Every structure is written in structure tokens, then in C-alpha cells.
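The structure appears below as C-alpha cells.
The values are calculated or read from the model by the stated rules, or taken from the named source; none is laboratory data. As the structure is a prediction and not an experimental result, all values here were calculated from the model. Here Cβ is always computed from backbone atoms with ideal geometry, including for glycine, and neighbour counts include all displayed protein chains. Note: accessible area is taken over every heavy atom of the protein model, side chains too, but ligands, DNA and RNA are not part of it. Shrake-Rupley method; radii C 1.70, N 1.55, O 1.52, S 1.80 Å.
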Amino acid sequence: MTFNMRRIVLLAILLQPTLFLLAGKPTKDTTLFNFGSKTVTSKEFYKGFSKNKDKGYVSKPSEVDEYLELYKKFKLKVQDAYDQGLDTTEEFKTELATYRKQIAKPYLTDKIVNEQLVNEAYERMKYEVKASHILIVVRPFASPQDTLLAFKRINSIKNKIDSGLIGFENAAVEYSEDPSASNNQGSLGYFTAFQMIYEFENYAFNTSVGKVSKVFRTEFGYHIVKVMDKRLSKGEISVRQIKIEMNPNPSQEEVLEAEAKINEVYKKLQSEEKFVSLVQQYSEDASSVLKNGELPLFSMTSVRYPENFKNTAFSLVKDGDYSGPIQTANGFHILQRIALKSIDSLSKIKGSILNKISRDSRQYRNTLAVYGKAKKIYKFKENKKYNALLVKNLDSSLLIGELMVDSNKVKTAAFAATLFALGKVKKSYSVKDFTKWLVEVQKPSNSKSMSSVLEQYYQAYRMQIIMDYYENDLENTN
């Protein structure tokens with residue numbers, strides 16, 4: 001980039017930077033240099049110089065002088081870019097908006113809550129919980145009547161279980177609205193952190209073995225959970241396999257033929273033929289043959305493999321050990337252990353945990369913490385009659401996702417009524433504002449209750465408005 005030196009004149013340095021930097025943070029804010037009508041002070045320079053230095057770092061005179069020269073060039077280049085109007089181009093605006101979005105992310109999470117979520121998840125990853133559940137379906141937009149009916153129903157089931165009138169497994173078969181309950185008696189097998197929705201995970205991990213949880217609600221409905229077992233995680237294992245495949249629902253003859261093939265391979269292994277060599281000769285799993293039979297890492301909670309497959313793999317005592325033939329729904333297998341990997345230290349997998357949290361329902365706890373903080377910052381005040389206002393002024397076409405904006409109606413005093421206000425910035429949001437937003441986001445609902453549907457939409461609208469305002473105002477709050 002060229003410098004427009006006729007418009008930008010760097011004036012003399014008024015203070016040797018090495019003196020105040022070597023002496024520590026400047027106590028007085030003194031002008032270092034001027035360019036055009038702009039001024040750079042000692043405190044501004046010190047802030048930039050020390051930004052990436054460790055506490056207590058001792059600066060060398062040559063290092064300070066070198067940074068000063070770079071800083072002068074940086075300031076001149078930025079000013080030259082402004083003079084050329086580069087900050088007004090669409091390309092720049094788009095790039096800047098993307099960059100701002102990226103650096104805003106850490107400020108939209110609560111550090112304390114985030115740390116708690118990381119530590120909680122890591123501790124849970126050390127364990128595997130085996131649980132069964134009973135579900136009574138009720139959707140988020142359900143009417144108060146339907147919600148109450150579902151709650152009473154599951155509460156009645158729990159009372160029968162608690163009083164010994166029916167066993168949990170039998171109750172799951174008889175009452176649960178989880179379609180799989182009739183086959184598995186409500187059993188979910190073993191699972192660990194991040195494998196269930198967060199609310200469900202909480203009750204499973206916080207309920208004692210052999211006990212039934214309190215009734216709780218998720219996006220799917222009301223649940224009760226019985227914890228059958230809790231054990232230490234066995235980590236992740238890497239194995240090779242030799243597989244003889246079978247078609248779904250094979251005949252007895254096909255099963256015997258496949259079994260004979262795998263037994264022949266097993267005899268060759270016992271005669272000390274190499275496992276990898278036998279993979280290449282006999283295995284019928286095309287994808288793993290390309291990797292000498294190696295399968296991706298898996299744990300005892302992985303849903304990709306059946307229980308006897310996982311149990312066999314984890315029963316192998318040391319690397320290189322191989323199993324006898326086992327049968328699964330799609331063939332016969334012989335497994336060889338490559339390596340067993342225990343859970344890494346928190347420092348090694350913290351980034352991975354944070355990434356999972358950002359994509360998990362537990363992230364909502366973070367959002368709620370920041371949301372509460374923003375409400376305090378902006379002195380949030382709400383019209384306590386907001387729901388009645390909305391029900392009165394919006395029609396039931398919302399329930400089928402076809403609410404329209406009546407241009408005459410929105411001009412009335414009722415639509416000008418305030419739903420909530422941000423007192424610090426003197427900004428209020430009306431029924432009209434909410435309605436315009438609602439028309440854009442509405443979807444058909446199974447609910448027949450306008451009050452319930454409006455409440456759900458309003459809660460989402462309120463949170464979005466406040467969080468968006470907070471994000472756009474970060475330069476002032478941070």
C-alpha cells in the first residue's frame with residue numbers, strides 16, 4: 001500500500017519510548033507522536049506493545065525501538081486506507097462483519113458457566129450409565145390442558161412404581177410412548193456424556209443406581225428414568241477384524257456355510273498365520289480390508305456395534321490378542337486388539353469438549369447466563385400483561401402458520417403497546433414489533449392453544465432481541 005505522505009505528516013517523537021517502557025507502565029498519558037490531526041499517546045503504545053507479553057516481562061531497548069517503528073508504519077497504513085475510502089467498500093464491510101462475528105463469540109458465553117460445563121462433562125465422560133426410561137409424549141407448544149394431562153399420567157405411573165404395584169420394566173412396556181419400549185422394556189443401554197440430550201443426561205447421572213428419578217420434561221415430553229448401573233469408562237479401543245458376511249435373514253444353510261469359513265480362518269490363526277495376511281485373504285468387509293482390517297476407535301457406549309461385538313473387543317487383555325469367532329446380525333467376526341486408549345487429560349481434550357458444548361443443548365445454560373447479565377446491563381422492564389395483550393390482538397391463523405399483518409390494525413393503539421423496554425438505552429419493543437417478527441418466523445403448530453404458542457414465540461423473541469442488542473453493543477460493554 002502506498003502512503004499519501006503529503007496528507008500524513010509524522011511529527012517528531014516527543015518522548016523516548018524506551019525510558020517509560022523499561023520503567024514499567026506509564027503513569028502519565030504523554031503524546032508520543034502526531035500524524036495529520038491524529039495523536040498517539042504513551043499509554044496507547046504501551047497497551048499495544050505489552051498486549052502479548054507475559055506479566056513481569058522485562059523489555060529490551062532495541063525491542064521497544066523496533067516495535068515503535070512498526071507501530072508508526074501501521075498507523076500510517078491504516079490512515080492511508082481511510083483516506084482511500086477502503087473502509088467503505090462492500091468487500092471490506094463483509095470481511096469486517098465476519099471477523100467481528102468470530103471475535104464476538106467468546107463474549108457471548110459466560111466464562112464461569114462454561115468452565116462448569118467443561119468440568120462437569122469431563123467428569124461424566126469417565127463413567128458410563130445404564131438406564132431405562134418411560135416417556136409420555138408432550139410437545140413444547142402443547143396446550144396447558146394437554147401438558148397437565150401428560151404430567152398427571154406419568155406421575156400416576158411413577159406412583160404405581162414407587163408403591164410396588166408394577167415393576168419399572170413392565171410399566172415401560174405397558175405405558176411408555178417410546179416406540180422401542182415394547183421390545184427393550186425401556187432400556188437405553190450404557191451411555192456417557194453428550195450421547196443424550198442434556199436434561200436427560202442430568203437426571204441419569206444424578207440418580208442413584210437402582211433408584212427412579214423425579215418426573216422431568218424435555219423437548220420430547222415427560223420422563224422418568226431408572227438407573228440400572230454406573231461403571232467406569234473402559235476408554236476407546238482399536239481393533240482389526242476378519243469378517244465373513246451374511247445376508248439379512250439368512251437361511252440355516254447360509255449360516256452354517258459362513259460359520260465353517262470363519263472356523264477355517266480361526267484354525268489358521270491358531271497355526272500362527274499372520275492376522276493381517278488372513279484379513280487380505282478371507283475378510284469380506286471391503287472398507288476395513290483396505291486398512292488391513294482396522295476399524296475406527298469405539299467405546300462400550302458406541303451404538304455402531306452390537307453388545308457382544310463390543311464385549312468381545314474389550315475382553316482382549318493385551319495388544320495383539322485375538323478372539324474366537326463371534327456372530328452378529330450381519331456375519332461372523334474374529335477381532336484382534338490393536339490398542340486400548342484411556343480418556344485423555346482435560347487439558348488435551350478441553351477444545352473438543354468446548355466444541356461439543358457449543359453444539360449441545362447444554363449451551364443454553366451459557367446463553368441464559370449471558371441473557372441474564374444483558375437484562376441487568378440494559379435495565380430490562382417488562383409489561384406483566386404481555387400474554388393477554390398478544391392473545392387479544394393476534395388471531396388463531398398463527399396456529400397454522402398463516403398469520404398476516406393487517407396494515408390498518410397495526411396502526412392502532414393496542415399494537416403500539418409496549419411489551420418490554422431496555423431502560424438504560426431507552427429502547428422499547430411493541431406488539432407491532434413482535435408481530436412483524438412473528439410473521440417471518442411462524443410455522444404450523446400441532447397445538448390448539450394460542451396462549452401457549454404465543455408464550456413460546458414471545459420468549460424466543462425477547463431473548464433474541466436482548467442477545468442481538470448485547471452482541472451489537474459489545475464495543476461499549478467490553
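Data for the structure
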{"item": "Test for Lys376: is it of a type in the set (Lys, Arg), out of contact with any helix residue (DSSP H, G or I) (no Cβ under 6 Å at 6 or more places or on another chain) and modelled with pLDDT of 95 or more", "result": "yes"}
{"item": "Number of the exception - Thr477 against (1) open to solvent by less than 20 Å² (accessible area, probe 1.4 Å); (2) at pLDDT below 90", "result": "(1)"}
{"item": "Evaluation of Thr192 against (1) open to solvent by less than 50 Å² (accessible area, probe 1.4 Å); (2) over 30 Å from Phe298 (Cα atoms); (3) among the hydroxyl-bearing types (Ser, Thr, Tyr) (one fails), failing number", "result": "(2)"}
{"item": "All positions within segment 158-179 that are in contact (Cβ under 8 Å) with a residue 24 or more places away in the chain, part of a helix (DSSP H, G or I) and not basic (Lys, Arg)", "result": "Ile161, Asp162, Phe168, Glu169, Ala171, Ala172, Tyr175"}
{"item": "Cβ pairs under 7 Å, 6+ apart, first in segment 275-288 and on the phi < 0 side of the Ramachandran plot and without any contact (Cβ under 8 Å) to a residue 24 or more places away in the chain, second among the hydrophobic types (A, V, I, L, M, F, W, C) and open to solvent by 70 Å² or more (accessible area, probe 1.4 Å)", "result": "none"}
{"item": "Any chance Ser182 is at pLDDT below 95, outside any loop (DSSP other than H, G, I, E, B) and surrounded by fewer than 16 Cβ atoms within 10 Å (Cβ to Cβ)", "result": "yes"}
{"item": "Residue list for segment 294-305, restricted to those being open to solvent by 60 Å² or more (accessible area, probe 1.4 Å) and assigned to a loop (DSSP other than H, G, I, E, B)", "result": "Pro296, Leu297, Val303, Arg304"}
{"item": "Test: Phe151 is touching a residue at least 60 places away in the same chain (Cβ under 8 Å), more than 30 Å from Ser347 (Cα to Cα), of a type in the set (Phe, Trp, Tyr) and open to solvent by less than 90 Å² (accessible area, probe 1.4 Å)", "result": "yes"}
{"item": "Index of the failed condition, Lys93 passing every other in (1) surrounded by 12 or more Cβ atoms within 10 Å (Cβ to Cβ); (2) over 30 Å from Ala369 (Cα atoms)", "result": "(1)"}
{"item": "Enumeration of residues in segment 75-128 that are outside any helix (DSSP H, G or I) and either more than 30 Å from Lys234 (Cβ to Cβ) or of a type in the set (A, V, I, L, M) (or both)", "result": "Gln84, Gly85, Thr89, Thr109, Asp110"}
{"item": "Residues located in segment 134-192, provided they are among the hydroxyl-bearing types (Ser, Thr, Tyr) and under 31 Å from the mean Cα position of the chain (by Cα)", "result": "Ser143, Thr147, Ser176, Ser180, Ser187, Tyr190, Thr192"}
{"item": "Selection from segment 196-223 of residues that are surrounded by fewer than 18 Cβ atoms within 10 Å (Cβ to Cβ), part of a loop (DSSP other than H, G, I, E, B) and not aliphatic (A, V, I, L, M)", "result": "Ser208, Gly210, Lys211, Lys214, Glu219, Phe220"}
{"item": "Selected residue (only one of Lys291, Lys226 is open to solvent by 60 Å² or more (accessible area, probe 1.4 Å) and either free of Cβ contacts under 8 Å to residues at least 60 places away in the same chain or of a type outside the set (Ser, Thr, Tyr) (or both))", "result": "Lys291"}
{"item": "Test: residue in segment 394-405 that is assigned to a helix (DSSP H, G or I), in contact (Cβ under 8 Å) with a residue 40 or more places away in the chain and loosely packed, with under 14 Cβ neighbours inside 10 Å", "result": "yes"}
{"item": "Hey, Asn308 modelled with pLDDT of 95 or more, under 27 Å from Lys267 (Cβ atoms), open to solvent by 50 Å² or more (accessible area, probe 1.4 Å) and among the polar types (S, T, N, Q) or not", "result": "yes"}
{"item": "Top-ranked residue of segment 318-356 - restricted to ones that are closer than 17 Å to Glu307 by Cβ, of a type outside the set (S, T, N, Q) and in contact (Cβ under 8 Å) with a residue 60 or more places away in the chain, ranked as surrounded by the fewest Cβ atoms within 10 Å (Cβ to Cβ)", "result": "Ala329"}
{"item": "Boolean, Tyr305 is under 17 Å from Pro325 (Cα atoms), aromatic (Phe, Trp, Tyr) and in contact with a helix residue (DSSP H, G or I) (Cβ under 7 Å, 6 or more places away or on another chain)", "result": "no"}
